[in-house]
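Let me begin by presenting the structure, written as structure tokens, before commenting on it.
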Amino acid sequence: MTPSVPVTAGVDIGGTRVKVVLRQGAGVVGRHVEPTPADVGARVGEVVAQAVERLVAADPSLPRPQRVGVVVPGLVDEVAGVGVWAANLGWADLDLRATVARAVGTDVVIGHDVRAGLLGEHLLGAARGVDDVLFVPLGTGVAIALMSGGRVVHGTTWSGELGHVRVDPDGLECGCGRRGCLETVVGARAVARRWQAAGREGDARAVAEAVGGADPLASQIWHAAVDTLAGALAPVVAAAGTRRVVVGGGMAEAGPVLLDPLRAALTARVPDPALEVVRAELGEWAGAIGAAHLVPVGS
Ligand SMILES: [Zn+2]
């Protein structure tokens, strides 16, 4: 027993799954995942408390957490601990910190899933040892997080919402109600939508496989997406002085099919010859691991 070593739980509430890790000192000592209930917005405190309890109860040797970090998608006010808006989870202006703290009975820190994922990759994953990092999880959505000088950048609640930057005024309608957002070109759903509109079957994974098999239509859709993404990321990289771009999310499972052309398209655009483009290492656990390391913003 080492009671002086702090124990924290990190909880990542995603649209489909709740991931929980337990951290003791510098090490992750337990993990648990369960489906996100449909009514999570109405009982988020209970959902977090039960998920942490299931993790701790599964192994009697695990210590109980003294603090819980919770990260969520969408717009998050990390200072106030408020979930401002999350379409997938069904809440708006929800006082997450107070709600969760009542249910778990410990101090609670609230964070944003992508910024926490960057923190996780910096501590234990693909961004170890690098202090100027851009984290790009590519899934249905395209939110990013930036680390500058070893600190995760927290701006307004709109920080990182690159997916809703308009790249094509005449483009397809986006879930946000605007037209031609980056997400309508480069996200997994966007890639699948274009593939299916051309009469083909399958999701973004099928497109990636077809790219590997040198299918011309797949290559055209894929490389148009990669090129548009590189065009959106390059000014961010140049402005921030980013040294390493860490690409995660479901689309990164395509490996070199995504990473190689993205690296080529980005390095062709930015002046820094030492820019690195690598795949994330922590997979779906990055957010929960980051959540277990969160400290209140400003402290
Ligand atoms: Zn949008």
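What the table below lists for this structure:
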item	result
Options VAL47, VAL40, VAL108; residue that is within 15 Å of THR8 (Cβ to Cβ) and either modelled with pLDDT of 95 or more or in contact with a helix residue (DSSP H, G or I) (Cβ under 7 Å, 6 or more places away or on another chain) (or both)	VAL108
Residue tally, condition within 17 Å of LEU123 (Cα to Cα), open to solvent by 10 Å² or more (accessible area, probe 1.4 Å) and in contact with a helix residue (DSSP H, G or I) (Cβ under 6 Å, 6 or more places away or on another chain), over segment 1-27	1
Any hit, segment 262-271, residues being assigned to a helix (DSSP H, G or I), more than 21 Å from the chain's Cα centre (by Cα) and modelled with pLDDT under 95	no
Those residues of segment 160-194 which are open to solvent by 30 Å² or more (accessible area, probe 1.4 Å) and within 19 Å of the chain's Cα centre (by Cα), in sequence order	GLU161, HIS164, VAL165, GLY175, CYS176, GLU183, ARG189
Only listed residue being among the acidic types (Asp, Glu) and at pLDDT below 95, chosen from ASP77, ASP59, ASP113	ASP59
All positions within segment 171-209 that are in contact (Cβ under 8 Å) with a residue 40 or more places away in the chain, within 16 Å of the ligand (Cβ to nearest atom) and either among the basic types (Lys, Arg) or not assigned by TED's automatic domain parsing to the domain that holds GLN220 (or both)	ARG189
Selection within segment 34-66 - closer than 27 Å to ALA143 by Cα and either in contact (Cβ under 8 Å) with a residue 60 or more places away in the chain or surrounded by fewer than 15 Cβ atoms within 10 Å (Cβ to Cβ) (or both)	GLU34, PRO35, PRO37, ALA38, ASP39, ALA42, ARG43
Segment 67-100, subset open to solvent by less than 30 Å² (accessible area, probe 1.4 Å) and in a helix (DSSP H, G or I), residue nearest to LEU138 (Cα to Cα)	LEU96
Filter result for the condition that a residue is on the phi < 0 side of the Ramachandran plot, of a type in the set (Lys, Arg) and in contact with a helix residue (DSSP H, G or I) (Cβ under 8 Å, 6 or more places away or on another chain), over ARG263, ARG279, ARG243	ARG279
Residue within segment 127-139 that is within 16 Å of the ligand (Cβ to nearest atom), open to solvent by 60 Å² or more (accessible area, probe 1.4 Å), farther than 25 Å from PRO271 by Cβ and in contact (Cβ under 8 Å) with a residue 12 or more places away in the chain present	no
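For (1) buried (at least 19 other Cβ atoms within 10 Å of the Cβ); (2) touching a Leu at 6+ places or on another chain (Cβ under 7 Å), each residue gets a yes or a no:
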{"position": "GLY249", "(1), (2)": "yes, yes"}
{"position": "ALA252", "(1), (2)": "yes, yes"}
{"position": "LEU259", "(1), (2)": "no, no"}
{"position": "LEU262", "(1), (2)": "yes, yes"}
{"position": "ALA288", "(1), (2)": "yes, no"}
{"position": "ALA291", "(1), (2)": "yes, no"}
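The values are calculated or read from the model by the stated rules, or taken from the named source; none is laboratory data. Remember, it's a predicted structure, so these values are computed and weren't measured experimentally. Don't worry about glycine lacking a Cβ; one is built from the backbone with ideal geometry, like all the others, and counts go over all protein chains shown. Ligands, DNA and RNA are excluded from the accessible area calculation, which covers all protein heavy atoms including side chains. Shrake-Rupley method; radii C 1.70, N 1.55, O 1.52, S 1.80 Å.
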